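Take a look at the structure set out below.
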Amino acid sequence: MKLDVTIPRGAFEVESDEAQFEMRYSKSARRNRKRQLRRLQDQGETTFERLGPGEAARDAVSLALSLKRVRLKDRGLVSAAISDPRTEAFFRDCAADGRHNANVKVCLVRTRGEVAAIELALSCRDRVAVHVIA
């Protein structure tokens, strides 16, 4: 299942679950997030995609971990988990077929059709844990 949603300018100003989610953050953090979203939308059409199991999700996992490794290297940081090839193998396998008990969620934000952000999360029952944001 692939879900494409265009994020309209001012989306976080509407009363919704997103507005309640945003209230978790301080006023300055909310203002910063809105500014970042505006800048992203100024670059072109911004969409959100939730990828279902399959090759696209597998490829997005590899891209997310690759981007994360580059970001960590640029900042002079090391992550044993991100560097370990078993991490990528695990997420790729789980994202590929959806048959694993570890239910991997892969979400993308695109601007002008290019990936701007990727989120990898694990879900079980009514809980979701974000594992990688790139």
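The values are calculated or read from the model by the stated rules, or taken from the named source; none is laboratory data. All figures in this text were calculated on a predicted structure; none of them were measured in a lab. Quick reminder, even Gly has a Cβ in these numbers, built from the backbone with ideal geometry, and neighbours come from all protein chains shown. To get the accessible areas, we keep the full protein, side chains included, count just its heavy atoms, and leave off ligands, DNA and RNA. Shrake-Rupley method; radii C 1.70, N 1.55, O 1.52, S 1.80 Å.
What to note about this one:
- For LYS105, distant residues with modelled amide H under 5 Å away: ALA121, LEU122, SER123
- Inter-probe distance in nm under a simple model that places probes 7 Å from Cα toward Cβ, at PHE48 and SER79: 2.1
- For the range 70-78, 3J(HN,Hα) per residue [Karplus equation, 6.51 cos²θ - 1.76 cosθ + 1.60, θ = phi - 60°, Hz, x = Gly/Pro]: 5, 4, 4, 4, 4, 8, x, 10, 10
- For the range 22-134, the Rg and Dmax computed from alpha carbons only, in angstrom: 15.2, 42
- Highest average packing first - 107-120, 28-41, Cβ atoms within 10 Å: 107-120, 28-41
- Rounded accessible area of VAL70 (nearest 10 Å², 1.4 Å probe): 80
- Basic side chains Lys and Arg get +1 at the Cβ, acidic Asp and Glu get -1 at the Cβ, and with that the dipole of the range 78-124 about its Cα centre reaches some 140 debye.
- Here the Karplus curve 6.51 cos²θ - 1.76 cosθ + 1.60, taken at θ = phi - 60°, turns the phi angles of the range 35-50 into couplings of 4, 4, 5, 4, 4, 5, 5, 5, 6, x, 4, 10, 10, 10, 10, 10 Hz, with x standing for Gly and Pro.
- Theoretical FRET efficiency, 1/(1+(r/R0)^6), r = Cβ-Cβ of GLU114 and ARG69, R0 30 Å, to 0.05: 0.95
- For GLY54, distant residues with modelled amide H under 5 Å away: ALA96, ASP97
- Area of ILE82 that stays accessible when all protein chains are in place (1.4 Å probe, Å², to 10): 20
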